[in-house]
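A short worksheet on the structure shown next.
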Amino acid sequence: MSEHRAGFVTFVGRPNVGKSTLTNALVGEKVAITSSKPQTTRRAIRGIVHRASGQLIVVDTPGMHRPRTLLGERLNAVVQDTLGDVDVIGFCVPAGEPIGPGDRFINEQLESFPRTRKIAIVTKTDDASRARVAEQLLAVSELREWDAVIPLSAVTGDQVELLADELIALMPVSPPLYEADAVTEETAIDRVAELIREAALEGVSDELPHSLAVTIDEMTERTGSAVLDIYANVWVERDSQKGIIIGHRGSRLTEVGTRARHSIEALLGQRVYLKLHVKVAREWQRDPKQLGKLGF
């Protein structure tokens, strides 16, 4: 029998190339929120993948980008710190989009980690023709020598298991690093806050996602009841954004609350009462003090 392997992998790429969806597909449950909006992932989230041959700790990170705010700088710092600590880096590019300056910028950053194994992953193959996937595989192969190049679809599951096998083979020989039932290091409060933010991101205009943050004031079991009471704040940067989140006569906030409550109940396996407040923290993305209060 081959030796058990275990180690850390992170996926890098431009915002919205499918890193969080891929993390969830490998883990087998939702540990990272997903959205079509850029900058959905804001910190390093660990998902744990268990296979007979080994264990992968997937560190899902923010998308790398040229920062325009202090928040952007801090998100890039999270990525850089993570890259220095993992065994394998998976460079993700979508099958249907040509390799551009952002991809080349990230590829250049990988030069700073010469000892780390590197693989290329062509994502979202379900969104592209076979010919387009083949073109992208060729284009990616020309960027550098990779330890492996794998096309896959995290949505359909196509080749996800192949990726898991390839990653485990690149990991050091090691006993499991986490218990067999662990799926993430995220606390329940962290996961609840993220599910609320995911619900709030649905259907908002492009500039608003960057301005959204969520904090939890209280999460307690109701006395004499199986209901969990959750009181949370949705933070924005301007009064006009507050109006967008609340909607006409509170209609949009009600939708956000309903969507979030269903996700939270599915995660925690119990009934939830969710109360949301929308608050303004002016220009928080640029304010070190506000960033600290919001957990960045």
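Only the coordinates and a few stated rules stand behind these numbers; no lab work does. Fair warning: this is a prediction, and the values are worked out from it, not measured in the lab. For neighbour counting, all protein chains shown are included, and Cβ atoms are generated from backbone atoms with ideal geometry for every residue, glycine included.
Angle of helix 130-141 to the longest C-alpha principal axis of the chain, folded into 0 to 90 degrees and rounded to 10: 80°. When LYS289, LYS242 are arranged by Cβ crowding within 10 Å, least crowded first, meaning fewest neighbours, the order is LYS289, LYS242. Can you match Rg and Dmax of the Cα atoms in Å to one of these, [x] 24.5, 73; [y] 19.9, 64; [z] 18.6, 54, based on a calculation from the structure here? Derived directly from the coordinates: [y].
Under 13 Å from the 7 Å Cα→Cβ point of SER225, by amide nitrogen: which residues of the range 257-276? Answer for the range 257-276: 271-275. Rounded, prolate or oblate: pick one for the range 145-203, where a ≥ b ≥ c are the square roots of the eigenvalues of its C-alpha gyration tensor, a/c under 1.5 means rounded, and failing that, prolate if a/b is larger than b/c, else oblate. Because a/c hits 1.5 or more and a/b fails to exceed b/c, the range 145-203 counts as oblate.
When the chain is treated as a GNM with alpha-carbon contacts under 10 Å, the residue of TRP284, TRP235, TRP146 showing the greatest mean-square fluctuation is TRP146. In plain terms, the residue of HIS277, HIS248, HIS210 with the fewest other Cβ atoms within 10 Å comes first and the most crowded comes last, giving HIS248, HIS277, HIS210.
Counting neighbouring Cβ atoms within 10 Å and putting the fewest first, the residues LYS124, LYS275 line up as LYS275, LYS124. Separation of the alpha carbons by more than 27 angstrom is noted, of LYS118/LYS289; LYS30/LYS124; LYS124/LYS279, for LYS118/LYS289; LYS124/LYS279. Under a 5 Å amide H cut-off, with hydrogens placed 1.01 Å from N, ILE121 pairs with PHE91, CYS92, VAL93, ILE150 among residues at least 5 apart or on other chains. Counting only DSSP beta bridges whose two residues both lie in the chain, roughly 35 percent are antiparallel.
Specify the inter-centroid distance of the range 70-144 and the range 245-296, based on alpha-carbon positions, in whole Å. The range 70-144 and the range 245-296 have Cα centres separated by 31 Å.
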